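In what follows, a structure is listed as structure tokens, so that the remarks can point back to it.
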Amino acid sequence: MKRAWWATRSAILWSASGLHFFIVVPVLVFLGIFLDTRKHDWLQRTFCRRIAFLSGARVEVRRSPGFDPHKTSFFMSNHVNLFDPFMLYCAIPQFVRGWELESHFKIPAYGWLMKRFGNVPVPDVRRPSDLKRMWRLTQDAVDAGTSLIIFPEAKRTRDGHVDEFQDGGFRVAQQLGVPIVPVSLVGSFQHHRTGHWMLWPGKITVHLHDTIETKGLKKEDVPALRERVHTLISTPVEEAFKST
């Protein structure tokens, strides 16, 4: 009986979330055609907070003392489920976009929104010309004062633990001298697991760790930087697993 209740609840939440998404997204896309998206950033944040609410999640933000909210940065986060970008957008106190797989721009509604808002396409096939375009668009975003969300695992976790990180985002950060903010999403796996459709109510804590400067780092420093960021991100996640 209890299982049936949770299944029914999840179905209702998915229906409400889907209806809300497909009603609001065309409005945001329309506004994005005629207005600078910075001018209605508050509306986008309201949209993301509503997505969190309709999915049954409560978002709590914890900022480390060394987090600099004024520096344009790469926000590198663990990746758990499809709600992650919306939860991060609720939590990051800056104008922020993200790296997005180019194939995602073809997804109805979601892809239109990501393209209109200026997310940086990451090529599915890594040809030199496509990678150069990605670097150029990343540089343009940073120069315009736009921070970027990057999921260095390049995939969603299936067991809740933080997987190994790829070097790509760290190499770009080192080459461009962009600061990195490690971000830990804690509670997302308990809220919704990739491959399953159930939504469980709960709190998602977004840890914004100390800002890490990359200026002056050499190419040889990238592996150590990657491991440092991985440790910072994974520690709160693993601690949460131990306490459950």
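The values are calculated or read from the model by the stated rules, or taken from the named source; none is laboratory data. Because the structure is predicted, anything quoted here is derived from the model rather than measured. Cβ atoms come from the backbone with ideal geometry, glycine included; neighbour counts cover every protein chain shown. For the accessible areas, the whole protein counts, side chains as well, though only heavy atoms, and no ligand, DNA or RNA atoms are used. Shrake-Rupley method; radii C 1.70, N 1.55, O 1.52, S 1.80 Å.
Structure notes:
- Only one residue of PHE30, ALA57, TYR89 has its Cα farthest out toward the positive end of the dipole of segment 27-170, where Lys and Arg carry +1 and Asp and Glu -1 on Cβ, and that residue is PHE30.
- Semi-axes of the equivalent ellipsoid of segment 174-244 are 30, 12, 11 Å, computed as sqrt(5λ) over the eigenvalues of the C-alpha gyration tensor in descending order.
- When the surface is traced with a 1.4 Å probe over the full set of protein chains, ASP124 keeps roughly 80 Å² accessible.
- Kirkwood estimate for segment 1-137, i.e. one over the average of 1/r between Cα atoms, Å: 16.9 Å
- Span-rule helices in the chain, defined as complete DSSP H runs reaching 27 Å or more along the axis (Cα) with Kyte mean at least -1.0: 2-34, 222-243
- Computed over protein heavy atoms with a 1.4 Å probe, the carbon and sulfur contribution to the accessible area of the chain reaches 59%.
- Net length available on complete extension from LYS39 to THR231 is 65.5 nm, with 0.36 nm assigned per residue and the Cα-Cα distance removed.
- Under 5 Å, built H, 5+ apart or other chain: amide partners of VAL61: VAL206
- Per residue solvent-accessible surface (Å²) - the chain, probe of 1.4 Å: 52 Å²
- Remark on PHE67: its backbone amide H falls under 5 Å from those of THR211, a criterion applied only to residues 5 or more positions apart or on other chains, H modelled at 1.01 Å from N.
- Binned Cα-Cα distance frequencies in segment 103-161 - 5 Å width, integer %: 4, 16, 20, 25, 21, 10, 4, 0
- For LEU101, the residues whose modelled amide H falls within less than 5 Å of its own, excluding neighbours fewer than 5 places apart on the same chain, are VAL122.
- DSSP bridge pairs, the chain: antiparallel proportion in percent, nearest 5: 20 percent
- Packing-based ranking of 202-208, 182-188 yields 182-188, 202-208, ordered from highest to lowest mean Cβ neighbour count within 10 Å.
- The spacing between segment 142-199 and segment 78-92, judged by their C-alpha centroids, is 9 Å.
- Using the Cα coordinates of segment 12-57, the gyration tensor eigenvalues translate into equivalent-ellipsoid semi-axes of 22, 12, 4 Å, sorted from longest to shortest.
- Zero-based 5 Å bins, Cα pair distances in the chain, whole percents: 1, 6, 13, 17, 20, 18, 13, 7, 3, 1, 0, 0, 0
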